């Protein structure tokens, strides 16, 4: 009998799909298998320090390649700031020595997508002729933000 590489590993189902913050925030098991690396622990604590009264370090940027854990980091951070009592979150808080003085905050979960700022509508789309060139009655969408 031939074994597959996949048969050699037991991957928790949590890692079989990407994190979707607005959906997963309400899933108690979403942070169950989160692995706190030293650099992530450092990042959590830098944010906690920035939330202290009088701190001038309140701007952060999280960058990385697809699949490295940016959304998972944001999900755990939202839980740390909101409610550290669930077992999986309190375990993470203890692992990184999350400061108790960090105030509880209500999360506002915002996600983005690769769409225009104005939803497309049939009237806003240019009408194309059979050749692919815009007809005279076509429209051009404009958007300005002030």
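Between residue 33 and residue 53, the FRET efficiency from the beta-carbon distance, with R0 = 41 Å, is close to 0.75. Sequence-distant contacts, meaning Cα pairs under 8 Å at least 6 residues apart, place the relative contact order of segment 14-96 at 40 percent. In terms of surrounding Cβ atoms within a 10 Å radius of their Cβ, 26, 79 rank from fewest to most as 26, 79. Across segment 14-96, Cα-Cα distances exceeding 17 Å account for 47% of all pairs. When 96, 62 are arranged by Cβ crowding within 10 Å, least crowded first, meaning fewest neighbours, the order is 62, 96. Taking 0.36 nm per residue of separation and subtracting the Cα-Cα distance, full extension of the segment from residue 18 to residue 114 would add 32.9 nm.
The numbers here are math on the coordinates, done by the rules we state, and not lab data. Bear in mind that the values here come from a model prediction, so they are computed numbers and not experimental data. Cβ atoms come from the backbone with ideal geometry, glycine included; neighbour counts cover every protein chain shown.
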